[in-house]
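Please read the structure below before turning to the comments.
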Amino acid sequence: MAKASRERSGILILDEGQNPRSTKSRLRKVLMKVQTDIRILLSGTLFLNNFCEYFNTLCLARPKFIYEVLKELDPNDRRKGKTAEKSPHLLESQARKLFLDNITKKIDSSNGHERMQGLNMLREITNGFIDIYESASFNSVPGLQMYTLLMNTTDMQSEILLKLHKRMAECTGYPLELELLITLGSIHPWLVKTASYANKFMALDQLQQLEKCKEKDREILLLNGEQDLFERGKVIDKFEEPRGASKVLLASIKACGEGISLTSASRVIFLDSGWNPSKTKQAIARAFRPGQQKMVYAYQLLARGTLEEDKYRRTTWKEWVSSMILSEALQENTSHSQAKMIEDDILREMVEEDKSKSIHMILE
């Protein structure tokens, strides 16, 4: 069966085709051996992490792309008589190096002219087989406003985060556990402080009532990856009840993947920043989707001067590159600029009443 699939397939259709993008991916290696040039690769996020993976995705969608890169980017084209003698794996490696050296370096350049030159070269060799489909299903949705809040850290947070960053600098490889602790350090002290001073703003009976609501799962619901599908469905149905008492849903970003509808929510707050911007978009799309009757507001909270800020710079760069790959004009990356206007009345009121200057800056 495997041999027949490789040698006799007439067409290969890949949904979420960007997933097997790693050079070491076993799935990608198998799919590259399927002997058909008629391939359809469907993806909402064609560019994810870097240009090496993007090259791999393009080759998976169009195996001939390897030879087109060799022909286009090697002006001497010395391989004419030797191409047939070399293994496909070696040819792909050579084409990948040419792609990264001639196109990626230009796009990564700080020089605007070089950057545009690299983007034009990329479009020239990919326009023939990449099609863009813009969905019209969001025309009926009221709208989406997104804000990134760069927060100042408290003294307690600064002390904790400084120790964690020092530990991270001493580690070899990439310490995922420390990244998680930095994220928790950016959030947890505020929650403790909020709880300890809540009695200044709320009466004792109100605090007790809030605690009862939490215990009964009335006001605050939890959705995470450890729950089975049936339990997740019950949580979602409870949150989506038109006149239900549940107003807050604490959800893992991975649990809010495609296929879940949370149109009862009109405000999405991200306490953690991820490396993959597509995951954030998918989570927002649970609320900002057909059936939504309200304006949706999304907020990304970042602790200033921490790893979270670095992650934000990296992910916004990925989004900028992704948009530039399919755009005809060069656009500046404005994600690090301060927001000129805050249309969200609640956020604007919070900024005006922020006497302790917890909010350092609101980014576009």
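Against the conditions (1) assigned to a helix (DSSP H, G or I); (2) surrounded by 15 or more Cβ atoms within 10 Å (Cβ to Cβ); (3) over 19 Å from the mean Cα position of the chain (by Cα), GLU349 satisfies every one except (2). The residues listed here are SER273, SER322; of these, the one that is crowded, with 16+ Cβ neighbours inside 10 Å and more than 23 Å from SER158 (Cβ to Cβ) is SER322. Beta carbons closer than 6 Å, at least 6 apart along the sequence or on distinct chains, pair a first residue in region 239-265 that is surrounded by 12 or more Cβ atoms within 10 Å (Cβ to Cβ) with a second that is of a type in the set (Gly, Ala, Ser) and outside any loop (DSSP other than H, G, I, E, B) for ILE253/ALA283; CYS256/ALA283. Number of residues in region 32-56 that are buried (at least 17 other Cβ atoms within 10 Å of the Cβ) and under 20 Å from ARG6 (Cβ atoms): the value is 5. Put simply, of LEU31, LEU60 the only residue that is in contact with a Lys or Arg (Cβ under 7 Å, 6 or more places away or on another chain) and either within 15 Å of PHE129 (Cα to Cα) or outside the structural domain of ALA285 (by TED's automatic domain parsing) (or both) is LEU60.
Here is a yes/no grid of residues against (1) in contact with an Asp or Glu (Cβ under 6 Å, 6 or more places away or on another chain); (2) over 30 Å from TYR299 (Cβ atoms); (3) at pLDDT 90 or above:
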site: ARG96; (1), (2), (3): no, yes, yes
site: ASP101; (1), (2), (3): no, yes, yes
site: LEU122; (1), (2), (3): no, yes, yes
site: ASN127; (1), (2), (3): no, yes, no
site: ILE130; (1), (2), (3): no, yes, no
site: PRO142; (1), (2), (3): no, no, no
site: TYR147; (1), (2), (3): no, no, yes
site: ASN152; (1), (2), (3): no, no, no
site: MET156; (1), (2), (3): no, no, no
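Of all residues in region 338-345, at least one satisfies being in a helix (DSSP H, G or I), surrounded by fewer than 14 Cβ atoms within 10 Å (Cβ to Cβ) and either in contact with a Lys or Arg (Cβ under 8 Å, 6 or more places away or on another chain) or assigned by TED's automatic domain parsing to the domain that holds VAL235 (or both).
Do the conditions hold for THR154, that is, is it in contact (Cβ under 8 Å) with a residue 40 or more places away in the chain and hydroxyl-bearing (Ser, Thr, Tyr)? Spelling it out, it is not the case that THR154 is in contact (Cβ under 8 Å) with a residue 40 or more places away in the chain and hydroxyl-bearing (Ser, Thr, Tyr).
Inspect region 303-311 for any residue being touching a Phe, Trp or Tyr at 6+ places or on another chain (Cβ under 8 Å), in contact (Cβ under 8 Å) with a residue 40 or more places away in the chain and either buried (at least 16 other Cβ atoms within 10 Å of the Cβ) or β-branched (Val, Ile, Thr) (or both) and give the result as yes or no. Among the residues of region 303-311, not one is touching a Phe, Trp or Tyr at 6+ places or on another chain (Cβ under 8 Å), in contact (Cβ under 8 Å) with a residue 40 or more places away in the chain and either buried (at least 16 other Cβ atoms within 10 Å of the Cβ) or β-branched (Val, Ile, Thr) (or both), which makes the answer no.
Considering region 117-145, the residues that are surrounded by 17 or more Cβ atoms within 10 Å (Cβ to Cβ) and in contact (Cβ under 8 Å) with a residue 60 or more places away in the chain include one that is farthest from LEU73 (Cα to Cα), namely VAL141.
The values are calculated or read from the model by the stated rules, or taken from the named source; none is laboratory data. Just so we're clear, the structure is a prediction, and the values are computed from it rather than from any experiment. All Cβ positions, even for glycine, are placed from backbone atoms using ideal geometry, and neighbour counts span all protein chains on display.
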